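Quick notes on the structure that follows.
No value in this document is a laboratory result; all are computed from the given coordinates. These numbers were taken from a predicted model, which means no experiment stands behind them. Heads up, the Cβs are rebuilt from the backbone with ideal geometry, glycines too, and the neighbour counts pull from every protein chain shown.
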Amino acid sequence: MRKSVLFLLAIMALFKSNVIAQLSGDENCETLQTEIHVTKDEYDDLGRLKRTCGGDITVTKCEGFCNSQVQPSVVSTTGFLKECFCCRESYLKERDVFLDHCYDADGVRLDSEEGGSMEIKLREPAECKCYKCGDFAR
């Protein structure tokens with residue numbers, strides 16, 4: 001009997017804290033800037049390394065947290081119903097980026113006339129939102 005009462009109190013405390021979190025609207029999913037290092041290899045028609053280019057670029061990323069909940073359930077085999085939300089991109093944008101540090105197959109730095117720069121396409125988050133975790137069909 002005592003274990004049942006403790007279990008019930010634990011469930012009620014969990015449910016109460018979840019309701020408070022939902023009411024306070026403490027989701028914080030946002031698009032942030034970050035810097036990454038990108039390296040891209042280019043090969044000739046025979047598959048030999050022609051040049052390697054790299055550079056540090058600023059990109060956007062999704063970061064933050066979303067409200068999720070766990071509540072008692074008599075239908076679920078675990079006894080709880082979980083509803084999880086994750087911070088993800090709502091759509092991606094594509095942009096061109098230039099990598100300015102290029103080297104030939106021997107590691108010799110190439111100047112701008114010899115292919116010292118490479119243009120690549122990059123897809124990054126344009127906006128981030130909370131989505132149901134595992135829901136990839138948006």
Original post:
Plugging the Kirkwood radius over Cα pairs into Stokes-Einstein for segment 59-105, at a temperature of 20 °C and a viscosity of 1.002 mPa s, what D comes out in µm²/s?
Top reply: 139 µm²/s
Subject >> P(r) weight above 16 Å for segment 27-132, C-alpha pairs, percent >> reply: 70 percent
Original post:
Taking only C-alpha pairs under 8 Å that are 6+ residues apart, what is the relative contact order of segment 27-132 in percent?
Top reply: 31 percent
Subject >> Net charge of Cβ neighbours under 12 Å - reference Lys50; Lys, Arg +1; Asp, Glu -1 >> reply: -4
Original post:
Taking amide H positions as placed 1.01 Å from N in the peptide plane, with prolines and chain starts having none, which residues 5 or more places from Leu110, or on another chain, fall under 5 Å of its amide H?
Top reply: Cys102, Tyr103, Asp104
Original post:
Once phi is turned into ³J(HN,Hα) by the Karplus curve 6.51 cos²θ - 1.76 cosθ + 1.60 with θ = phi - 60°, what whole-Hz value does each residue of segment 117-130 show in order, with x for glycine and proline?
Top reply: 9, 9, 9, 10, 9, 10, 10, 9, x, 9, 7, 10, 8, 8
**OP:** Translational diffusion coefficient, Stokes-Einstein: compute it for segment 93-138 using the Kirkwood radius over C-alpha pairs as Rh, at 10 °C and 1.306 mPa s, and state it as an integer in µm² s⁻¹.
**Re:** 115 µm²/s
